[in-house]
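First comes the structure, then the notes that go with it.
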Amino acid sequence: MRREMGEDRGVSEEQKRHTTQEGCTGESNLRKAIQRISSLISLSHSIKVFPVKWQLIRKKLEELNSGLTAAEKCDLGENSKFSELIPSIEMTLNDCNDLARRCVDLSYSGKLLMQSDLDMICVKFQLNIKNLAGIYTAGILTNALVVSKPGIGACRDDMKFYVRDLLTRLKIGDFEMKSHALVALNEVVSEDEKCVRIVIETGEIISLLVNFLEFPEIGIQEESAKAISVVAGFDTCRNLLVGAGIIAPLIRVLEGGTDLGKERAARALQKLTENSENAWSVSAQGGVTALLKLCTSGNEKGGEFVVPACGVLRNLAGVEEIKRFMVEEGAVSCFITLVRSKDEASQISGIELLQIIASRDESVRQMIIRGGGIQILVRVMDPKSSFSSKARETALRAIESLCFSSMSSLNILINCGFLDQLLYILRNGFMPEFVRLLDMKSFEFREMAAEVLCNMVCIPRNRKRFMQENTNVEQILQLLDPEEVKSGNKFLLSILMSLTSCNSARRKIMKSGYVKNLEKLAEAEDIEAKKILRKLSTNRFRSILSGIWSS
């Protein structure tokens with residue numbers, strides 16, 4: 001028994017030595033294969049015949065080289081499958097080297113036969129690459145040494161080496177290796193613009209990212225969408241992404257990805273569609289319908305992807321033909337629904353999109369009115385509602401755009417209780433918005449806004465708030481132009497009179513190029529204008545204006 005155990009132990013030790021020798025031999029053969037591939041790549045550049053064929057072969061060689069280089073960083077151990085693959089690769093390399101020498105020497109017997117041989121060698125390399133990828137996918141080679149990420153300010157060569165290592169992992173790694181490589185890629189492209197340029201130069205990464213968007217593994221898809229979103233932020237990269245076929249996969253992520261994937265895909269499309277040509281591509285591949293559906297479903301569930309999706313639609317609406325198609329696809333009802341959302345950002349996006357699609361389009365404006373758009377915008381202004389001050393401000397601008405050019409729209413607005421909401425908002429801020437109302441076509445709104453502003457600036461804290469917007473004083477003075485027939489001068493002058501009690505306001509009035517309007521009114525014997533100028537002339541301003549009001 002002891003002898004048998006000793007013999008077993010002896011066999012075991014012998015096997016270990018044998019395995020170690022095989023491992024060393026395998027590693028040695030691997031290094032030789034990598035060296036031979038590098039030599040063949042160099043040799044292929046000197047071949048003048050069949051350039052397209054050799055370009056394709058060279059691409060296969062580079063791909064194989066990446067896979068084997070990654071394997072060199074792994075613990076090969078007792079990997080029989082890998083050991084079996086190396087001789088097959090060596091045979092293909094021998095055949096390729098023979099063809100390369102004959103092409104360099106022009107010693108082949110016929111063009112058609114050589115073309116056939118070159119096609120066959122491409123097939124063999126592709127099979128080698130497929131088998132290598134299968135080994136990685138099976139998780140047989142996963143213990144690769146990880147190249148450390150270069151520090152901030154690292155030289156270009158170090159960064160390039162790191163990106164090439166990530167490329168290798170993305171190409172032939174298993175799920176876990178690919179996931180880690182994508183996370184690492186996102187880190188460096190987010191931190192260093194130089195790395196983005198290297199990624200672009202390494203064109204294979206863009207192609208891989210496009211393919212990864214179609215992966216069933218959620219993590220791979222999400223990280224790929226994130227990387228694409230970062231790269232799309234650079235103007236010089238957008239055409240490359242679109243040329244690589246990125247738009248259709250991004251739209252498919254919008255349609256069937258996770259919420260995070262949808263958000264990242266929408267952000268990427270938002271950046272890409274800043275170019276109107278790319279907007280056409282998104283529309284042509286079903287993007288409008290997908291985005292509108294996303295906004296509707298996301299509004300119901302409160303998805304984070306709604307706002308970037310609205311950003312894409314905002315870009316698409318910049319193209320008139322696409323905007324009309326959006327309307328046909330139900331954009332009006334979709335955006336009105338967004339205004340009712342509980343999320344502030346979604347509310348504001350919906351309001352802004354209503355304003356955009358109605359711009360210079362009476363038919364769309366009427367659709368919004370018929371769809372209850374005015375009522376929902378007035379509801380946003382309701383002080384009892386939960387809408388934020390920013391949403392109210394946005395709604396006010398939309399109301400101005402949609403309603404102030406039509407008496408019928410104004411009547412609907414007034415019947416909805418808009419004036420009550422307006423008075424409340426005036427008492428609680430938004431003065432810059434209502435200074436704009438002073439120049440509206442509607443007499444009633446000009447008169448009302450001027451009167452309420454006049455009452456508000458009588459209060460010191462409101463005067464201070466009014467003066468925080470540099471253009472407010474300028475706007476009031478401009479509206480005093482005596483050559484134009486404008487109602488509300490009485491209240492405008494009362495506003496200016498209240499402001500003259502403030503030193504900063506007096507300085508702004510005197511520095512304004514429109515102070516001449518006030519002077520002209522005083523010269524025309526306007527009593528209020530004279531009073532204002534008299535007040536302005538005290539102390540340091542007396543010598544400047546004494547000739548105007550002394551008459």
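The values are calculated or read from the model by the stated rules, or taken from the named source; none is laboratory data. Just so you know, these numbers come straight off a predicted model, no measurement behind them. A quick note on method: Cβ atoms are made from the backbone with ideal geometry, for glycine too, and the neighbour counts reach across all protein chains shown. Heavy atoms of the whole protein, side chains included, go into the accessibility calculation; ligands, DNA and RNA do not. Shrake-Rupley method; radii C 1.70, N 1.55, O 1.52, S 1.80 Å.
Expressed as a rounded percentage, what relative contact order does the range 248-383 have, with Cα pairs under 8 Å and six or more residues apart?
Relative contact order comes out at 21 percent.
Sequence gap at least 6, Cα distance under 8 Å: using those rules, report the relative contact order of the range 159-276 to the nearest whole percent.
23
For the pairs Lys226/Lys271; Lys194/Lys226; Lys81/Lys149; Lys60/Lys160; Lys508/Lys530, flag any whose C-alpha to C-alpha distance is greater than 24 Å.
Lys81/Lys149
For the range 231-319, what class follows from the C-alpha gyration tensor (a ≥ b ≥ c being the square roots of its eigenvalues): rounded when a/c is under 1.5, otherwise prolate if a/b is larger than b/c, else oblate?
prolate
For labels at Ser46 and Glu400 in the simple 7 Å Cα→Cβ model, what's the distance in nm?
Using points 7 Å along Cα→Cβ, the separation is 7.4 nm.
Classify the range 312-425 as rounded, prolate or oblate from the Cα gyration tensor: take a ≥ b ≥ c as the square roots of its eigenvalues, call it rounded if a/c is under 1.5, otherwise prolate when a/b beats b/c and oblate if not.
It is oblate, given that a/c is not under 1.5 and a/b is not larger than b/c.
Determine the distance separating the Cα centre of the range 188-251 from the Cα centre of the range 262-276; give it in Å without decimals.
12
As a test of reading the structure, rank Phe305, Phe50 by solvent-accessible area (1.4 Å probe, protein chains only), most first.
From most exposed to least exposed: Phe50, Phe305.
Which of the lysines could a cross-linker span from Lys511 if the Cα-Cα distance has to be under 17 Å and same-chain partners fewer than 8 positions apart are dropped?
The qualifying lysines are Lys520, Lys535.
Considering the dipole of the range 292-375 built from charges on the beta carbon (Lys and Arg +1, Asp and Glu -1) around the Cα centre, which of Ser359, Ala331, Gly373 is farthest to its positive end?
Checking the options against the dipole of the range 292-375, the answer is Gly373.
In what order, largest first, do Met510, Met177 sit by accessible area if the probe radius is 1.4 Å?
From most exposed to least exposed: Met510, Met177.
How would you classify the range 186-280 from its alpha-carbon gyration tensor, with a ≥ b ≥ c the square roots of the eigenvalues: rounded for a/c under 1.5, else prolate if a/b is greater than b/c, otherwise oblate?
Oblate, since a/c reaches 1.5 and b/c is not below a/b.
Could you order Tyr108, Tyr514 so the one with the most accessible surface comes first? Probe is 1.4 Å.
Tyr514, Tyr108
Excluding ligands, DNA and RNA, what is the solvent-accessible area per residue of the range 228-269 at a probe of 1.4 Å, expressed in Å²?
On a per-residue basis, 36 Å².
For the range 160-203, with only Lys/Arg (+1) and Asp/Glu (-1) charged at the beta-carbon, what is the dipole magnitude about the Cα centre, in debye rounded to 20?
It works out to roughly 200 debye.
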